Amino acid sequence: MTTPATEPATEPADEISIVGLECYGHHGVFDFERREGQKFVIDLVIGTDTRRAAATDDLHDTVDYGSLAAAVKTSVERDPVDLIETLAQRIADICLAETRVHWARVTVHKPGAPIEATFKDVTLTITRRQST
């Protein structure tokens with residue numbers, strides 16, 4: 001009995017995560033959200049191939065997650081939008097602007113969402129891939 005050959009992965013299985021990136025933004029549909037602002041917390045997971053960086057031990061051969069975090073924070077803290085859906089897409093676009101990023105999963109946490117109930121968090125998670 002022969003075992004069928006497994007197909008090679010079409011995308012690298014390597015992931016880089018940034019968890020709990022705290023930002024202060026003025027996003028929301030209500031005037032008081034735009035005026036007063038609130039904390040947003042961002043989680044990012046990006047798919048990339050880290051083999052070259054592992055071999056060369058050179059930052060230029062991988063995604064600079066420090067620069068990525070700074071770019072995301074800057075984006076969240078400027079140019080208010082109404083919806084966290086729009087904010088998440090903006091963040092995904094930043095991640096995918098780096099050609100080494102094959103896909104990005106972005107979670108936007110809005111723990112201060114204006115909900116008249118007891119809750120811990122409101123989140124939205126999107127996954128986007130490089131267009132081919």
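If the cut-off is 21 Å between C-alpha atoms, which lysines fall inside it for residue 73, apart from same-chain ones fewer than 8 positions away?
List returned: 39, 110.
Ratio to report: Rg/Rh of segment 14-129, with Cα atoms as the point set and Rh obtained by the Kirkwood method; give two decimals.
We get a ratio of 1.04 for segment 14-129.
For the chain, what is the mean residue ellipticity at 222 nm derived from helices alone (per DSSP H run of n ≥ 4: -39500 (n - 2.57); sum divided by total residues; nearest 500 deg cm²/dmol)?
Value at 222 nm, helices only, nearest 500: -8000 deg cm²/dmol.
Test of understanding: ordering 49, 58 by Cβ neighbours within 10 Å, fewest first, what list do you get?
Lowest to highest Cβ neighbour count: 58, 49.
May I ask for the angle, rounded to the nearest 10°, between helix 65-76 and the longest principal axis of the chain, with both axes built from Cα atoms and the value confined to 0 to 90°?
Once rounded, the angle reads 30 degrees.
Would you order 131, 75 from fewest to most other beta-carbon atoms within 10 Å of each residue's own beta-carbon?
Ordered by Cβ neighbours within 10 Å, fewest first: 131, 75.
Roughly what angle does helix 84-96 make with the longest principal axis of the chain, taking Cα atoms, 0 to 90 degrees, to the nearest 10?
Taking the Cα atoms of the chain, the angle to 84-96 is about 30 degrees.
Values in this text are rule-based calculations from the coordinates and carry no lab data. On a predicted model such as this, the values are computed, not experimentally measured, just so you know. Heads up, the Cβs are rebuilt from the backbone with ideal geometry, glycines too, and the neighbour counts pull from every protein chain shown.
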